[in-house]
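Okay, structure first, notes after.
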Amino acid sequence: METSTYHHGDLRRAIIDAALEAIRESSPAAVSLRDLARRAGVSHAAPAHHFGDKAGLLTAVAAQGFGLLGDVLQKAAGQPDGYLAVGVAYVGFAVEHRAHFEVMFRPELYHADDPELLEAQARTSRMLYEGAAPYAQDGGTTPRDAALAAWSLVHGFASLWLSGNLPADLPADPQDAARRVARVLFPHKAGDIA
């Protein structure tokens with residue numbers, strides 16, 4: 001991927017894009033504001049001036065990630081497989097937006113009380129929890145329990161996929177592999193459950 005430099009336009013986006021590139025290359029811990037300024041082609045003070053500190057920058061990355069994930073999950077919720085499609089889409093997001101994913105669930109890296117971040121997280125949580133109710137009809141399982149089980153499954157699956165710790169005989173496409181595994185927990189469409 002070619003490093004883009006900031007010319008005239010959206011400085012915030014240019015710095016976030018540089019941060020995502022740096023995270024893809026190594027890890028969130030390796031991000032430095034000075035390096036991001038160099039990558040974005042701006043003064044070394046520009047990232048600090050715009051985001052305050054590294055945690056402020058990673059807060060923006062996490063908020064953007066949760067916003068994108070919310071969009072992906074909302075689109076998936078309207079598909080015929082419903083809640084299963086939401087789980088599969090979650091895995092797809094993790095693989096396609098790995099740099100965001102590596103920051104989003106590490107609150108020690110960012111300002112967890114940021115209003116924009118909290119709003120994006122709340123929207124994403126609603127998308128993860130909304131479709132779970134039909135799966136909580138037996139044995140005293142609550143919709144929250146079903147949602148946590150589903151989220152744990154797909155988040156764990158995504159993490160295992162990204163770290164290369166899954167069996168080699170799974171389908172090569174992460175979403176196909178996730179669908180196969182998630183069907184164990186959610187074998188039917190929500191509408192099929194009596």
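The values are calculated or read from the model by the stated rules, or taken from the named source; none is laboratory data. Computed from a predicted model, the values in this text were never measured in an experiment. Neighbour counts run over all protein chains shown; Cβ positions are idealised from the backbone, glycine included. Ligands, DNA and RNA are stripped out before the accessible areas are found, and what is left, the full protein with its side chains, is counted by its heavy atoms. Shrake-Rupley method; radii C 1.70, N 1.55, O 1.52, S 1.80 Å.
Working only within the range 22-44, note down all residues that are crowded, with 18+ Cβ neighbours inside 10 Å and either in contact (Cβ under 8 Å) with a residue 40 or more places away in the chain or touching a Cys at 6+ places or on another chain (Cβ under 9 Å) (or both). Steps first, answer last, please.
Just the residues of the range 22-44 that are crowded, with 18+ Cβ neighbours inside 10 Å, to begin with: 22-23, 28, 31, 33, 36-37, 39-40, 42.
The answer is ILE23, PRO28.
What pairs come out if I take residues in the range 59-88 that are of a type in the set (Lys, Arg) and surrounded by fewer than 21 Cβ atoms within 10 Å (Cβ to Cβ) and pair them with residues that are modelled with pLDDT of 95 or more and assigned to a helix (DSSP H, G or I) whose C-beta lies under 7 Å away, six or more apart or interchain?
Every condition considered, no pair remains.
Given the options VAL86, VAL61, VAL42, name the one that is of a type in the set (Val, Ile, Thr), over 9 Å from the mean Cα position of the chain (by Cα) and assigned to a loop (DSSP other than H, G, I, E, B).
On the way: VAL86 fails: assigned to a loop (DSSP other than H, G, I, E, B); VAL61 fails: assigned to a loop (DSSP other than H, G, I, E, B).
After ruling out the rest, the residue left standing is VAL42.
Could you check, for the range 96-111, whether at least one of its residues is touching a helix residue (DSSP H, G or I) at 6+ places or on another chain (Cβ under 6 Å), in contact (Cβ under 8 Å) with a residue 60 or more places away in the chain and small (Gly, Ala, Ser)?
Yes, the range 96-111 has at least one match.
Which of the numbered conditions does PRO47 fail, given that it passes all the others? Conditions: (1) assigned to a helix (DSSP H, G or I); (2) open to solvent by less than 70 Å² (accessible area, probe 1.4 Å); (3) modelled with pLDDT under 90; (4) more than 21 Å from GLU102 (Cα to Cα).
Status for PRO47: all satisfied but (4).
Pick from the range 54-105 the residues that are over 21 Å from GLU25 (Cβ atoms) and charged (D, E, K, R): which of them is modelled with the lowest pLDDT?
Among those residues, the one meeting the criterion is ASP81.
If we scan the range 141-153, do we find a residue that is closer than 28 Å to LEU57 by Cβ and either part of a loop (DSSP other than H, G, I, E, B) or at pLDDT 90 or above (or both)? Quick ask: steps written out before the conclusion?
Here is the first cut: in the range 141-153, the ones closer than 28 Å to LEU57 by Cβ are 151.
Those still in the list that are either part of a loop (DSSP other than H, G, I, E, B) or at pLDDT 90 or above (or both) too: 151.
Scanning the range 141-153 turns up at least one residue that is closer than 28 Å to LEU57 by Cβ and either part of a loop (DSSP other than H, G, I, E, B) or at pLDDT 90 or above (or both).
Looking at ARG106, ARG180, which one is open to solvent by 80 Å² or more (accessible area, probe 1.4 Å) and more than 20 Å from the chain's Cα centre (by Cα)? If you could, list the steps in order and put the result at the bottom.
Details: ARG106 fails: more than 20 Å from the chain's Cα centre (by Cα).
After applying the criteria, what remains is ARG180.
Say we look at the range 109-124 and pick out the residues that are open to solvent by 50 Å² or more (accessible area, probe 1.4 Å) and part of a helix (DSSP H, G or I); which of these is farthest from LYS54 (Cα to Cα)?
Result: ARG123.
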